[in-house]
Amino acid sequence: MNKIKYGVAFVTGGASGIGQALCQEIVRRGGKVAVADIEQDKAESLAKELRAVGGEAIAVHCDVTSRESVEAAYSSTVQTFGKVNLVCANAGVIVPGPVAKTRESDMLWMYEVNVFGTLRTIQTFLPALDEAHGRGEFAHLLLTGSENSLGVPIVGPCSVYTSTKHALLGLADTLRRDLLASESGVGVTLVCPAVVNTQIWNATRNRPNSLGGPRQINSAASEMFSQSNTPESVAIIGLDGCDAAEFLVIPHPEVESFTRRRADDLNRAMDACLDRVSSLDHSDTAVTSARHGGVNQEVHPQ
Ligand SMILES: NC(=O)c1ccc[n+]([C@@H]2O[C@H](COP(=O)([O-])OP(=O)(O)OC[C@H]3O[C@@H](n4cnc5c(N)ncnc54)[C@H](O)[C@@H]3O)[C@@H](O)[C@H]2O)c1
């Protein structure tokens, strides 16, 4: 059964691309949705479209770089629908390039939207999700990570963006541990799509004046994106992952090589650590501590 069926969802970056597809799929599954975006006109027209097909949807202005704005969007959502069951922290931006060539202002912008925006959204909505769980209802957080959360993709370089999406993997993992430790019952899913046909290649259309201002890109990238995966594939597989309480969801198989390479790197480094420790002198206190696991205990959920 689709668990969002009788619930309310809040989707940041909901007016375009993956966020738009999430809103459409949530309504198709019977849920109500707040389309939250800085692109207010697009959010309004999507909400109107969703209502025209019998869905319940509102548009709420939401700039995830501002706590005030996220809190106002939360209030509007709860005023209209009375509760929240699913929060999709999906808004994200990219400025491609290697580390050395990424401007300070673009680094700040990507971290503000992709990482701090996700944190603000989670912190603002978590109490409402806890309440939903307390009533015995579906309560879940869906974070939009990326193939860039899993390793370093072939396409690029998008180095600082990759680091923001790695941050979301750490955040999602530590969050589910926090939630488990507090017996919260709110689920966490990180969906990690490969390249998807959206407007992300033109993300700088929304860059604020304080960080360099908007820039419309007339780029060959749009061509590559137009031939890539559909946003609907991410929405359907991501929401199925929420229903099934899966932590990591990988919708597209083409990420396999670098995802497995990362896992191999970790396994090799761990094997090297164990070899090193077993070949060291027993009287060395650092070795003794390492042998006995130091302070790290296995406290991982699931
Ligand atoms: N398109 C891809 O190839 C791809 C792949 C993996 C992950 N992602 C991730 O998917 C998510 C959605 O991006 P998309 O590809 O649909 O791009 P998109 O540009 O089509 O949509 C992003 C939406 O986020 C909104 N947004 C931007 N800044 C915002 C802010 N400060 N506050 C609120 N909303 C804001 C935009 O207005 C837009 O509606 C992002 O987190 C992105 O990193 C995209």
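The values are calculated or read from the model by the stated rules, or taken from the named source; none is laboratory data. Owing to the predicted nature of the structure, the values given are computational and were not obtained by experimental measurement. When we count neighbours, we look across all protein chains shown, and the Cβ atoms used for this are built from the backbone with ideal geometry, even at glycine.
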Assess whether Phe116 counts as being within 16 Å of the ligand (Cβ to nearest atom) and free of Cβ contacts under 8 Å to residues at least 60 places away in the same chain. yes
Which of the following residues is at pLDDT below 95 and assigned to a helix (DSSP H, G or I): Ser283, Ser222, Ser233, Ser257? Ser222
Any residue at all in the stretch 210-219 that is among the basic types (Lys, Arg), within 11 Å of the ligand (Cβ to nearest atom) and closer than 20 Å to Met110 by Cβ? no
Restricted to the stretch 119-142 and to residues being in a helix (DSSP H, G or I) and either touching a residue at least 60 places away in the same chain (Cβ under 8 Å) or under 13 Å from the mean Cα position of the chain (by Cα) (or both), the residue farthest from the ligand (Cβ to nearest atom) is Ala132
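In this structure, does Thr198 turn out to be closer than 19 Å to Leu22 by Cα and assigned to a helix (DSSP H, G or I)?
No: the conditions fail for Thr198.
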Of all residues in the stretch 79-97, which are surrounded by fewer than 19 Cβ atoms within 10 Å (Cβ to Cβ) and closer than 16 Å to Thr121 by Cα? Lys83
Among (1) at negative phi; (2) surrounded by fewer than 21 Cβ atoms within 10 Å (Cβ to Cβ), there is one condition Gly117 misses while meeting the rest; what is its number? (2)
Within the stretch 158-166, is there a residue that is surrounded by fewer than 21 Cβ atoms within 10 Å (Cβ to Cβ), over 28 Å from Glu25 (Cα atoms) and assigned by TED's automatic domain parsing to the domain that holds Lys32? yes
Answer from Ala203, Ala172, Ala245, Ala269 - the residue that is hydrophobic (A, V, I, L, M, F, W, C), outside the structural domain of Ile26 (by TED's automatic domain parsing) and out of contact with any helix residue (DSSP H, G or I) (no Cβ under 6 Å at 6 or more places or on another chain): Ala269
